[in-house]
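Reading through the structure tokens given below for one structure.
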Amino acid sequence: MENLSGKKILITGGSSGIGKATAEMLISNGAIVCITGRDKSKLDSVASDLNAIPIHLDVSKYNQIAIKTLDAFHSMGGLDVLINNAGIGEFSKLEDIKLNQFENIFATNVFGLTMLTQEVVKFFKTQQYGTVINIGSSASTNGFPSGSVYCASKFALRGLTECWRHELRRDNIRVILVNPSEVTTAFNNKKRIERDEEEKKLTPKEIAHAIVSAIKMDKRGFIPELNVWATNPF
């Protein structure tokens with residue numbers, strides 16, 4: 001089992017929900033963590049509370065990605081793990097879909113995520129190790145009514161993960177997809193207000209536990225894809 005003490009980890013979308021819970025758990029295990037977020041004041045406040053390093057970044061702003069990746073690398077003194085957690089969603093029936101919905105969602109969930117991973121993998125290839133964890137969704141494997149735009153982005157992420165996994169294994173880089181089912185977070189809330197926990201719904205802590213467990217696995221092995229469901233959500 002890998003010791004997380006001193007591990008240098010970058011988490012996108014780390015100021016709330018799954019990203020925040022994961023950062024908190026990793027830091028409690030001795031990791032050095034950078035978190036990114038779009039809302040600078042919220043990001044700075046959460047980073048201060050967690051003892052994380054804030055990196056103000058919206059991954060859909062592609063021209064910021066290279067310099068912000070360098071900021072994270074230098075702030076931590078290295079980079080061992082990337083957790084691509086930042087994600088957004090829009091939901092419309094087929095007859096109501098607008099092109100800009102695809103453009104908005106893919107900018108964050110697919111395009112920006114890819115550009116950021118591209119920058120991080122440069123460091124991983126140089127050092128000949130690293131771990132990339134992409135946070136997908138049960139929507140990466142199953143569609144649902146009004147889910148066309150969001151599911152398309154998460155199916156795309158699943159395909160990207162498979163391609164990167166095959167490309168990067170020879171460089172000792174692990175690429176993992178974690179697919180949560182419904183989690184009580186601020187996801188899809190325009191005011192970014194966290195939802196109250198529900199007895200039968202997953203919380204960010206369960207997903208954080210899954211992510212941390214995947215990172216802790218001895219470097220000789222990895223979990224390609226991990227689906228996390230609520231035991232009895234009904």
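Name the long-range amide H neighbours of residue 89: under 5 Å, sequence gap of 5 or more, or other chain; modelled H, no Pro or chain starts.
188
Considering only 154, 205, 125, give the residue with the highest GNM mean-square fluctuation for the chain, with springs between Cα atoms whenever their separation is below 10 Å.
125
For residue 217 and residue 162, calculate 0.36 nm times their separation in residues minus their Cα-Cα distance, and state this gained length in nm to one decimal.
17.9 nm
Quick one: which residues, 5+ away or cross-chain, put their amide H under 5 Å from the amide H of residue 227? H built at 1.01 Å from N.
Distant-sequence amide H within range of residue 227: 179.
For the chain, modelled as a Gaussian network with Cα springs under 10 Å, which listed residue fluctuates most, 94, 79, 116?
Of the options given, 94 has the highest mean-square fluctuation.
For the chain, what is the calculated [θ] at 222 nm in deg cm²/dmol (nearest 500), taking -39500 (n - 2.57) for each run of four or more DSSP H residues and dividing by its residue count?
Calculated at 222 nm, the ellipticity per residue is -12500 deg cm²/dmol.
Distance cut-off 24 Å, Cα to Cα: go down the list 40/61; 61/205; 20/201; 42/98; 61/122; 20/125 and report the pairs above it.
Those over the limit are 61/205; 42/98; 20/125.
Hand me the trypsin sites (Lys or Arg not before Pro) from segment 23-84 located in a DSSP loop with no more than 15 other Cβ atoms within 10 Å, in residue order please.
Of the trypsin sites (Lys or Arg not before Pro), the ones in loops of segment 23-84 whose Cβ has at most 15 other Cβ atoms within 10 Å are 61.
Taking amide H atoms as placed 1.01 Å from N in the peptide plane, list the residues 5 or more away in sequence, or in a different chain, whose amide H sits under 5 Å from that of residue 176.
HN-HN under 5 Å from residue 176: 132, 133, 134.
Return 4, 157, 99 ranked ascending by Cβ neighbour count within 10 Å, so the fewest neighbours appear first.
99, 4, 157
Around residue 6, under 15 Å between beta carbons, what's the net of Lys plus Arg minus Asp minus Glu among the other residues?
That works out to +2.
Need one number: nm distance between label points at residue 118 and residue 1, each 7 Å from Cα along Cα→Cβ, rounded to one decimal.
Result: 3.8 nm between the two label points.
Can you find, among 28, 74, 14, the residue farthest towards the positive end of the dipole of segment 8-228? Put +1 on the C-beta of Lys and Arg, -1 on that of Asp and Glu.
Farthest along the dipole direction, towards plus: 74.
Rounded to whole Hz and in sequence order, give me ³J(HN,Hα) for segment 72-77 from the Karplus expression 6.51 cos²θ - 1.76 cosθ + 1.60, θ = phi - 60°, writing x for Gly and Pro.
5, 4, 6, 5, 9, x
How much FRET efficiency would the formula 1/(1 + (r/R0)^6) give for residue 49 and residue 75, where r is the Cβ-Cβ distance and R0 is 25 Å, rounded to 0.05?
Once rounded, the FRET efficiency stands at 0.90.
Mind checking which aspartates and glutamates have their Cα closer than 12 Å to the Cα of residue 8? Skip sequence neighbours fewer than 8 apart in that chain.
Answer for residue 8, where 12 Å is the Cα cut-off: 80, listed by chain and number.
Which of 18, 32 has the fewest other C-beta atoms within 10 Å, and how do the rest follow up to the most?
The order, fewest Cβ neighbours first, is 32, 18.
Tally the DSSP beta bridges in segment 55-205 and give the antiparallel ones as a percent, rounded to 5.
Of all bridge pairs located within segment 55-205, approximately 0 percent are antiparallel.
Exposure proxy check: 158, 220 ranked by fewest other beta carbons within 10 Å?
220, 158
Mark the label point 7 Å from the Cα of residue 172 along Cα→Cβ and return the residues of segment 195-234 whose backbone N is within less than 16 Å of it.
217-222
Coordinate-derived values only; no laboratory data. Bear in mind that the values here come from a model prediction, so they are computed numbers and not experimental data. Ideal geometry is used to build each Cβ from the backbone, glycine not excepted, and the neighbour counts take in all protein chains shown.
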